[in-house]
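What follows is calculated from the coordinates using simple rules that are stated; it is not laboratory data. Remember, predicted model here, so these are calculated numbers, not experimental data. Cβ sites come from the backbone with ideal geometry, for glycine too, and all protein chains shown count toward neighbours.
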Amino acid sequence: MLRTALLALVALLVLAGGYLTAMALGWFGRIPGPGEITQAAIPAEVVLQRGQAQERAARAVRVGDPKQILFGDLHVHTTYSTDAFLFTLPLMGGEGMHPLADACDFARFCSALDFWSINDHAEASTPRKWLDTKESIRQCNAVASEPGAADVMAFLGWEWTQVGTTPEGHWGHKNVILRGLADEEVPTRPINSGGFTRQIMRDIPFGARFGPALIDPANRQSYFDWDAFTREIAAAAECPAGVDVRELPADCVESAETPQLLFEKLNQWGFESIVIPHGTSWGIYTPRGSDWMKQLNRAQHDPERQTLIEVYSGHGNSEEYRDFHSLEIQPDGSATCPEPHANHLPSCWRAGELIRERCQEAGIDAAECEERAALTRQRHVDGSILGHHVVPGVRMEDWLDSGQCRDCFLPAFNMRPQGSVQYIAAIGNFDEPEPQRFRFGFIASSDVHTARPGTGYKEFARRQMADQSGPQGERARQFLFGDAQEQPAESVPAPSIAELDSALQASEIERQQSFWLTGGLVAVHAGDRSRDGVWEALERREVYGTSGDRTLLWFDLVNPPGGGGEAPMGSAVAMGAAPRFRVRAVGAFEQKPGCPEYSTRSLSADRLAYLCKGECYNPSDTRKHITRIEIVRIRPQTRPDEPVGALIEDPWLRFYCPDDPSGCSVEFEDPQFSAAARDAVYYARAIQEPSPAVNGANLRCEFDADGNCVSVRPCHPDERTPASDNCLADTEERAWSSPIYVDYADLR
């Protein structure tokens with residue numbers, strides 16, 4: 001009997017050892033594929049009717065010979081991106097794989113976009129994934145309702161995802177969009193930003209790879225697949241450095257650590273591409289003190305390729321500049337914590353106050369508590385993006401609304417003002433005889449990670465349409481973030497990234513969730529409904545962004561030099577006379593519940609429920625009202641020491657619109673232009689009547705009589721906020737025109 005028991009125990013141990021060995025070798029994981037695209041298109045008559053409705057709206061606000069306004073999303077991720085795959089896992093509240101085929105079907109049948117692009121992180125790409133991506137985008141384009149007038153147009157691209165741990169080494173994220181589709185028109189491989197993400201994939205410890213399978217065994221296959229995903233990335237060979245892109249092996253992965261190297265490699269390929277920075281003011285990963293000024297030079301900026309910028313996405317608004325800072329640079333170059341601003345509580349300051357409160361509760365004398373608070377503030381500053389670790393045992397609610405812009409429209413989390421679009425438009429580089437400036441067209445996108453382009457058509461299903469994802473339950477939170485800590489009355493130095501138990505601990509992932517929104521859209525004024533028409537509008541910068549609604553917007557200079565008609569948004573002119581402008585805007589259609597007949601006919605009930613969550617772009621005949629039009633004027637620096645805040649007039653002009661569903665039209669001029677004798681940048685915002693939006697109040701602060709946030713009610717991605725609660729609050733959806741750049745020139 002004992003012998004039998006011992007043999008059974010040995011057999012059990014052998015089986016367990018074999019199972020663990022097989023896990024360690026990755027035998028159970030499956031590599032996800034691109035999925036199957038539905039072979040159906042939106043009927044040609046539906047596409048035609050959309051165009052006719054738009055033309056009627058344009059005529060109502062007296063737009064003569066209107067171009068087609070086509071709506072798209074140029075920032076879309078599938079589970080070929082590392083973070084997107086991570087968000088699919090059950091431990092993170094995910095709903096499973098989101099392959100390339102989902103993105104194509106969603107753009108066609110759920111959000112009814114005119115065009116979109118794939119922008120998976122190049123850092124997670126492999127030769128196999130790139131081949132899959134090219135083929136899927138071609139297949140998506142092959143499904144068309146009419147030759148030369150496709151229902152949906154898909155563009156190929158990727159995201160160059162660079163993150164630096166210091167302001168000097170941080171360049172941020174950029175999407176690369178390609179015009180061509182054929183192998184001979186596109187690079188052999190996407191270009192990533194270097195080894196940081198790939199190294200993380202290589203160094204994932206055994207416990208992090210398979211711990212989730214042990215605490216959530218019912219879903220172990222998902223975690224085995226995650227392991228296979230990371231192994232494929234780690235196994236891909238690095239391309240040799242310093243070799244022309246056309247001479248590199250086809251089966252390697254290629255890196256460019258700076259924008260300069262990225263542009264050099266794109267120039268070596270010679271294919272038509274557009275580079276679009278995004279997340280420029282995000283504090284999720286951007287070190288405090290980062291400044292876009294360091295990219296304004298001939299090395300790090302290519303004005304021929306980098307022509308557009310993302311002003312808004314599902315990760316927040318990057319438009320507005322504010323004069324507050326998250327740290328102060330002293331004359332000796334050291335960084336310190338600034339005091340609170342009227343509309344900004346620095347996180348470093350709040351960290352100090354948390355320790356002060358604990359210190360006082362412990363009965364320690366006031367002088368000692370002040371010393372501890374001051375030390376904590378400095379430790380938070382020194383910790384950069386890891387500063388939130390200096391206060392042990394802190395709860396996310398304890399931070400209140402620190403780090404945020406209180407008076408901005410749906411701001412990016414921990415907003416960095418020196419990366420805002422307004423700041424970028426205002427600065428100048430005077431190191432050379434001819435001052436250098438950025439001249440971007442404005443777009444908006446979704447930055448969705450569930451393969452759902454254009455999620456902003458309705459405000460619902462926040463966990464899928466607004467990318468809300470996080471640890472599910474206390475056990476998962478403990479695994480990813482560690483056990484709850486005690487709350488001592490003194491701070492600790494911030495750890496290094498290498499000292500973290502999980503990469504998720506590097507950012508304030510729980511606080512961020514209240515800033516995840518449904519996505520924005522890019523709109524182009526296209527000469528025709530074709531890929532060339534879309535591309536040429538992007539090249540002209542005749543584009544605008546919206547916060548998700550399909551607002552119609554026209555912004556024109558009506559007296560350009562030399563006559564010849566109007567100069568549209570995105571134009572750059574030189575003139576001496578006072579510029580005169582016209583803005584016309586028409587509100588988006590109110591949405592009907594459910595999905596149109598062509599969607600329910602083309603997708604199965606199960607796929608419609610899974611992919612579209614039962615709701616599609618389904619316009620009624622009623623339009624939302626435009627309540628006002630605002631004009632922003634920026635007069636760029638004429639010398640390097642000119643304070644930026646005074647150069648940005650937001651709003652410079654404000655026009656209230658009649659309560660008229662047919663739209664709003666205003667005209668104005670700048671009588672100060674000639675007398676000021678300096679260049680100016682003008683753009684328009686068209687603002688709609690208030691309507692509910694997911695996370696429309698971000699942290700949902702309760703303010704005291706002095707305007708201070710005294711408590712927050714975050715929107716959680718887990719059981720702490722019911723899935724049925726979409727955390728709705730009224731916002732004013734809007735559209736941002738691309739600027740018109742007017743240089744002063746005395747042409748008399």
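Summary table below
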item: Under the Karplus curve 6.51 cos²θ - 1.76 cosθ + 1.60, θ = phi - 60°, whole-Hz ³J(HN,Hα) for segment 96-101, x wherever Gly or Pro sits; result: x, 4, 10, x, 4, 4
item: Tensor-based shape of segment 497-632 (alpha-carbon gyration tensor, a/c under 1.5 rounded, otherwise prolate or oblate); result: oblate
item: Per-residue HN-Hα couplings for segment 178-192 [Karplus 6.51, -1.76, 1.60; θ = phi - 60°; Hz; x = Gly/Pro]; result: 10, 6, x, 10, 6, 4, 7, 10, 9, x, 5, 8, x, 10, 9
item: Highest to lowest packing among 718-725, 38-45, scored as the average C-beta count within 10 Å; result: 38-45, 718-725
item: Over 20 Å between alpha carbons, listed pairs Lys458/Lys613; Lys129/Lys613; Lys592/Lys624; Lys458/Lys592; Lys458/Lys624; result: Lys129/Lys613
item: In Å, descending, principal axis extents of the Cα set of segment 657-703; result: 46, 32, 17
item: Computed P(r) (all Cα pairs; segment 284-392; 5 Å bins; percent); result: 2, 10, 15, 18, 17, 13, 9, 6, 4, 2, 1, 1, 0
item: Theoretical FRET efficiency, 1/(1+(r/R0)^6), r = Cβ-Cβ of Val558 and Asp725, R0 35 Å, to 0.05; result: 0.15
item: Rg in Å to one decimal, and Dmax rounded to a whole Å, for segment 411-514 via C-alpha atoms; result: 20.1, 61
item: Average silhouette area of segment 340-473, convex hull of alpha-carbon atoms, in square nanometres; result: 13.3
item: Asp641-Gln221 pseudo-label distance in nm [points 7 Å out on the Cα-to-Cβ vector]; result: 6.9
item: Three semi-axes of the equivalent ellipsoid, the chain, Cα gyration tensor, whole Å, largest first; result: 41, 34, 26
item: Sum of -39500 (n - 2.57) over DSSP H runs of 4+, divided by residues of the chain (222 nm, nearest 500); result: -8000 deg cm²/dmol
item: Phi to ³J(HN,Hα) by Karplus 6.51 cos²θ - 1.76 cosθ + 1.60 over segment 420-431, Hz, x for Gly, Pro; result: 5, 5, 5, 4, 4, 6, 8, 7, x, 10, 10, 6
item: Cβ crowding within 10 Å averaged over residues, with 501-511, 179-189, 465-475, 100-110 ranked highest first; result: 100-110, 465-475, 501-511, 179-189
item: Cα-based equivalent ellipsoid, segment 61-101: semi-axes from gyration tensor eigenvalues, Å; result: 39, 10, 8
item: Cβ-placed point charges (K, R +1; D, E -1), dipole of segment 515-620 about Cα centre in debye, nearest 20; result: 120
item: Cα-Cα pairs of segment 173-327 separated by more than 24 Å (percent); result: 51
item: Local net charge near Arg635, Cβ-Cβ under 13 Å (Lys/Arg +1, Asp/Glu -1); result: -2
item: Cα centroid of segment 117-146 to Cα centroid of segment 165-184, whole Å; result: 16
item: Average projected area [Cα convex hull, segment 583-671], square nanometres; result: 10.1
item: Relative packing of 439-446, 553-560, 640-647, which averages over residues the other C-beta atoms within 10 Å, highest first; result: 439-446, 553-560, 640-647
item: Antiparallel DSSP beta bridges within the chain, percent to nearest 5; result: 80
item: Sequence-separation-based contact order of the chain, relative, with Cα cut under 8 Å and 6+ spacing, percent; result: 15
item: Kyte-Doolittle at least 0.5, axis length at least 27 Å by Cα - qualifying DSSP helices, the chain; result: 2-25
